[in-house]
1. May I ask you to verify whether A548 is of a type in the set (A, V, I, L, M, F, W, C), in contact with a Pro (Cβ under 9 Å, 6 or more places away or on another chain) and at pLDDT 95 or above?
2. List, please: which pairs have Cβ atoms under 6 Å, are six or more places apart or on different chains, and start with a residue in the range 277-292 that is over 13 Å from A358 (Cβ atoms) and end with one that is loosely packed, with under 14 Cβ neighbours inside 10 Å?
3. So which helices (runs of 4 or more DSSP H) stay within the range 137-205 end to end and still have 2 or more residues that are within 18 Å of Y230 (Cβ to Cβ) and outside the structural domain of L121 (by TED's automatic domain parsing)?
4. Would you be able to tell me the number of residues in the range 335-366 that are part of a loop (DSSP other than H, G, I, E, B), among the aliphatic types (A, V, I, L, M) and within 17 Å of H253 (Cα to Cα)?
5. Go through the range 410-436 and give me each residue that's closer than 14 Å to D374 by Cβ and in a helix (DSSP H, G or I).
6. On the given criteria, is K422 closer than 30 Å to E469 by Cα and either of a type in the set (K, R) or surrounded by fewer than 20 Cβ atoms within 10 Å (Cβ to Cβ) (or both)?
7. Restricting to the range 437-473, what's the tally of residues that are aromatic (F, W, Y), in a loop (DSSP other than H, G, I, E, B) and modelled with pLDDT of 95 or more?
8. Out of the range 86-100, which residues are assigned to a helix (DSSP H, G or I) and without any contact (Cβ under 8 Å) to a residue 60 or more places away in the chain?
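The values are calculated or read from the model by the stated rules, or taken from the named source; none is laboratory data. As the structure is a computational prediction, the values presented were derived from the model and not from experiment. Because the Cβ atoms are built from the backbone with ideal geometry, glycine has one as well, and the counts that use them run over all protein chains shown.
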Amino acid sequence: MWMNQWKYVLYCGIIFFLSACGTNKNNQTMIPSSLENDGITKVRASIVQKLKELDHKPVEERLALYKKLKKESPDAYNFENEDELTMYGYGFLWADKIDDAFAVFQLIVDEFGSANSYDSLAEAYLKKGNRDASLANYEKSLAMNPDNFNAEDQIALIKHPEIKTLTPAEKFTKIYSAEAYKADLDQLGKSLLKIHPNALKFISQKDFNNNVEKAKSEITDKTTFGEFSYICNTIIASVHCSHTGMGGFYPEHEMLPISHLFPLQTRWIDNRLYVIDPLNNSNQVKTKDEILSINGVAAATIINDIYQHIPAQGYVKTTKNHVFNKFSSSMIPYALGLPETYSITVKGHKNPIVLHKAEKLLSPYWDYLQYCQDQLCIEYMDDKKTALMTIESFNYYSWNNLQVFVDFVDQNFKEMEDKGIKNLIIDVRFNGGGSQSAAIHLLKYLVDKPFTYYSKAEYAGKIGKAEGEELIHPVANGYKGKVLFLIDGIGNSTTGHFMSLVKVMKLGTIIGEELGSNQFCSAGSTSCRLKNTKLSYYVANNTHISTATSLPDEKGILPDHYVHQSIDDVINRKDVVKEFALGLLK
């Protein structure tokens, strides 16, 4: 089950720990628990981190250590965190170490006996080629949790391998009955309210219900699955949560036929829609042309409709800007009712222009200006006094690769100290979030006094305090120079927590646009699927709030200096945010 959702994880930049819809389990995995003993809080260490110290040993020796420590030191380590062990096992499975993954999953079945543990073991059996054992475990998982649609699918595939799954193009044109669509919309609305702990934080119950009813009113006997998918997005986006969605418009983009694709690459900037690549219409349209309307609909009206379908945190629009600019060629068709021909009016042109049809499905457009190949980079400027540290992700977890992040930070702050670096630019643009462990470790080098990361951490199965709720002390050799932070609307989840603390603790100057997140986060993820159409989506299932509670929940972290690209900057690939930061230092 976990593997089937991995593409969504990669898109968001956030490790989501997915459970079947309706289950009640802890999806926040990298959190050591704590015990209260005579009024003294004792934090229990991660057992997976302990096992990873023996990475050079066979997995059997590591699991023997697990059993030994559980018997001899049950209060020293957190043995209740099933999800952390599960991700540890999947680390092996993703590395094609099938036998190691199988051993871990068998341990989890023995220790927890949950529906998800049998699902994972079934997947390992399938990888080993044992279809009978895989089927038995999937059937056991489904019996324990009837909402486990992954087990349901796998059982069907094992029993009926001749059945072919629908291609994206076939899914797009498939038509279900109006009653089936409406029942699924009711299910979608109810699941959002049931699972999401803050579903009504930014919208009233009345308005939410009205959104569901409005969506149902748009259904006809001719509604295709593609159209239905776009309709569902309005309900999901109305809860204003960046951790709740359908895969970031990737599914809609992948199933859109080329015949419907808008045949220009565009960019919404400064409230204008510009052409940034005319593609096969270069004989009629030029780069930087401003589109005033498409098929008679004003560009601003189209954008306003599309933005109602894009999930984002609170009322942050910068996130919606980035998502639209990434998928504009496929979002515009959905907003216009999926036409097969496009006519545009262009500023300075007297007559409308009928565009040539698209020739190929475009990849999502990434407006990516950083030049860091490994997500973590350090660059020293020519002045010998300034360093640029790029942190494109906090996706570094104790069950997997946290030590990579720790080593990068430790080694480079030591190197900066040796070099006498006076100015540090920390670039967290494009950072979709990840582990609080990584964010906390970086903060330890930037603060000069103890701090607490979380004011609230609520999730199912929580035991004791979460990592970040305890008092955190700075490192002894923290950075003492000037710090500048570069942010954008893509910055999400943990990046919001990190930057909220930067803001309230005044750790440096913030440059860029409104961040895509803040101190408030409805996180985690429960994976769900609609009964009739089989449309998949995920819903946030926990709440994590940093201690920067004085900041507004509906806005992203705001910069001290607003800097964004003009259309000329976009066309010329000019990083004006970075240039502004370097200019400030001069």
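1. Considered against the rule, which asks whether it is of a type in the set (A, V, I, L, M, F, W, C), in contact with a Pro (Cβ under 9 Å, 6 or more places away or on another chain) and at pLDDT 95 or above, A548 comes out as no.
2. E290/K347; L292/K347
3. The qualifying helices (runs of 4 or more DSSP H) are 168-173, 178-195.
4. 5
5. The answer is Q411, N412.
6. No, not satisfied.
7. 2
8. Residues satisfying the conditions are G89, F92, I98, D99, D100.
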